[in-house]
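Notes for the one structure printed next.
Read the figures in this text as sums done on the coordinates, not as results from a lab. The model shown is predicted, which means the values in this text are computed figures rather than measured ones. Here the Cβ positions follow ideal geometry from the backbone for every residue, glycine too, while neighbour counts run over all protein chains shown.
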Amino acid sequence: MSPFLAITVAAIPAFVASVVEFVEAFTIVLAVGTTRGWRAPIWGTVWAAVTLAILVTVFGTPLIVYHEQVSQYFHLVVGVLLLLFGMRWLRKAILRFAGIVALHDEDLIYQREVAELRAQGLTAGRWDNIGFWFSYKAVLLEGVEVAFIVVALGAQGGTALQASILGAAVAFVLTTIAGALLRKPLAFVPENWMKFVVGAMLTTFGIFWGTEGLGIGWPLGEAMLPLLLLGICAVSWVSVRMLNGMLPEGAQVAARTI
């Protein structure tokens, strides 16, 4: 795989998807830290990272190391998983743009998390189990999604794997720096658009690799990827317009303010 194709196929979607997941995890950790103190959420984040590293080592490494021995079936499995994962993100993005589901709002999520954490109460001078597990669960769940995307996009090995890891690492660094400087939810990040982009790209790769896994070759090879992506974006746009037309007048505004 050429360096340019590796960046397009692996680094960019890994970066965009990782930004979305890291922003969501940061919102919860920030809510815990500002409400209940920083010791427990920091340790929760550290242990979540350790758990994630173990999971990736145990399950991700064999997939990458031995993918050549089961190349066709491997492409099929990865393609199906990417397709399911991408369609889930794409579906949410379409429903949000159509006004059926409320747009993702990090400020609102932060306020809800703070209210829930304050309702739990806090005993001064004691270890905060609630803060630890809130942070641990948030970082682990979002991290698992990042790990899956990175491993799946880098499953071709070599340049693709390096590119996907680099994309996720850059996303982590940028999100951490932005969060440390601003010390507030990163609501300026256009998560809904980013989820749409990632959903469309993962769906594209899922269709492409899944078809190859069935033993069916694409007539233009990897040049089919942008054509598939364009087709998925066109279908998504039509879906948004159709869903908009099905909503009663005023329903879209109501959905966006939930």
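Quick check: net charge around K92, other residues with Cβ under 11 Å of its Cβ, Lys/Arg +1 and Asp/Glu -1? So the surrounding residues net to +3.
The HN-Hα couplings worked out from phi for the range 211-220 by the Karplus form 6.51 cos²θ - 1.76 cosθ + 1.60 (θ = phi - 60°) are 5, 4, x, 7, x, 9, x, 8, x, 9 Hz, whole numbers, x standing for Gly and Pro. What does the charge count around L81 come to, taking other residues whose C-beta lies under 15 Å from its C-beta (Lys +1, Arg +1, Asp -1, Glu -1)? Around L81, the charge tally is -1. How would you classify the range 14-62 from its alpha-carbon gyration tensor, with a ≥ b ≥ c the square roots of the eigenvalues: rounded for a/c under 1.5, else prolate if a/b is greater than b/c, otherwise oblate? Note, shape of the range 14-62 comes out oblate. Rounded to the nearest whole angstrom, the semi-axes of the ellipsoid equivalent to the range 140-180, taken from the Cα gyration tensor as √(5λ), stand at 21, 13, 4, largest first.
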